[in-house]
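Since the structure comes first, as structure tokens, the remarks are kept for the end.
The values are calculated or read from the model by the stated rules, or taken from the named source; none is laboratory data. Quantities reported herein were computed from a predicted structural model and do not represent experimental measurements. Ideal geometry is used to build each Cβ from the backbone, glycine not excepted, and the neighbour counts take in all protein chains shown. Heavy atoms of the whole protein, side chains included, go into the accessibility calculation; ligands, DNA and RNA do not. Shrake-Rupley method; radii C 1.70, N 1.55, O 1.52, S 1.80 Å.
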Amino acid sequence: NSFTITFKAVVSTQSTGTALGLPRATPHLASKLVTSYAAQLDRLGLWQWSVFVTQHLPAGRSATVRSTVQRNIIRSNEEEDVACVQRHRVDASVFACGRALYLQYKRDWAGVVRWYTAAGQYNRAHSIFMDKIGPQKIVAREECDMLQLLAPLSDHQNAIQNWGSEGAIYYSYLSLPDTLPKREEDLEAVRHQISSTGHSLNSLPYNTLPEICAVNMMGLRTCTLLIEVWQALFGSSENRELLLTMKTFPLPSDYGIADVITKLSSDMLGEDTFDVVA
């Protein structure tokens, strides 16, 4: 059709026009013709070829390619994405961002984090994890796949703002063991890991209800783990240090935790009360 012929003529004159003595198309005319041809291909469902044509724009090609991919990502699968990257030399991050944006509208937050991570948008992936996944998954006790989201981000922690006071703490908490090791030196290492993690929970955001509940639940679990490790290491001795360590963990003021600490104080120290600092 006319657009096809005109597009080929524009590309030819842009690359060889001077050598052949032909006039070059002005940037404005070239942009108009290329955009019109790309739009025609897009309307016909040939959006990947539309991407190819768009890359011949004199200026603004990146934004236009990104817009085309985002608009059509629902029609594509990952194999077609790879083919387009290889055939038309589109940056793979464009497709990854497009998929992340699509899943964001579907509220598939885990998928959003995965694709933004794949796109190298580490700060955005981390922010969405903290806002939409971390506290909610802890409260719902659906922690099984959280490490899979955080591990790739951990590899790029130096590029992530607030990683040390947010994502790194979740990563450390989720890395706590479910069962205790047998060897004493391993138990000592776990004791240090639990104590450090429990104290670091104080740095997590503590504003919304999910955040408050999540931090308190993590504090309770670290207390439970620490008691188990402590008993395995020291039996009934050194309990004062245990309780002093637990005081640095974020614990809820309700939920019967005061009674728990009081009982521990009575059983371990022979005391009637023990002040709890949440």
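Annotation note: trypsin sites (Lys or Arg not before Pro) in region 53-121 located in DSSP loop regions with a Cβ neighbour count of at most 14 within 10 Å are 89, 106, 107. When both region 203-242 and region 153-195 are represented by their alpha-carbon centers, they are found 14 Å apart.
Over region 41-108, what is the relative contact order in percent, taking alpha-carbon pairs closer than 8 angstrom and at least six residues apart? Don't skip to the end; give the middle numbers.
Numbers: 43 pairs, mean separation 19.3, N = 68.
Relative contact order of region 41-108: 28 percent.
What do you reckon, how do 176, 147, 33 stack up by accessible area (1.4 Å probe), largest on top? Intermediate results must be reported in sequence, preceding the final value.
Details: 176 10, 147 60, 33 40 Å².
Sorted by accessible area, descending: 147, 33, 176.
By how many nm would the segment from residue 162 to residue 35 lengthen if fully extended, with 0.36 nm per residue of separation less the alpha-carbon distance? The partial results should precede the final answer.
On the way: separation 127, 0.36 × 127 = 45.72 nm, distance 4.17 nm.
The span from residue 162 to residue 35 would gain 41.6 nm if fully extended.
In a fully extended conformation the segment linking residue 74 and residue 88 would gain 3.1 nm over its present Cα-Cα distance, using 0.36 nm per residue. Here residue 108 and residue 192 are evaluated by their C-beta separation; at R0 = 35 Å the FRET efficiency comes out at 0.40. Here residue 46 and residue 233 are evaluated by their C-beta separation; at R0 = 45 Å the FRET efficiency comes out at 0.10.
For region 170-210, the list of chymotrypsin sites (Phe, Trp or Tyr not before Pro) that fall in a loop by DSSP and count at most 16 other C-beta atoms within 10 angstrom reads 206.
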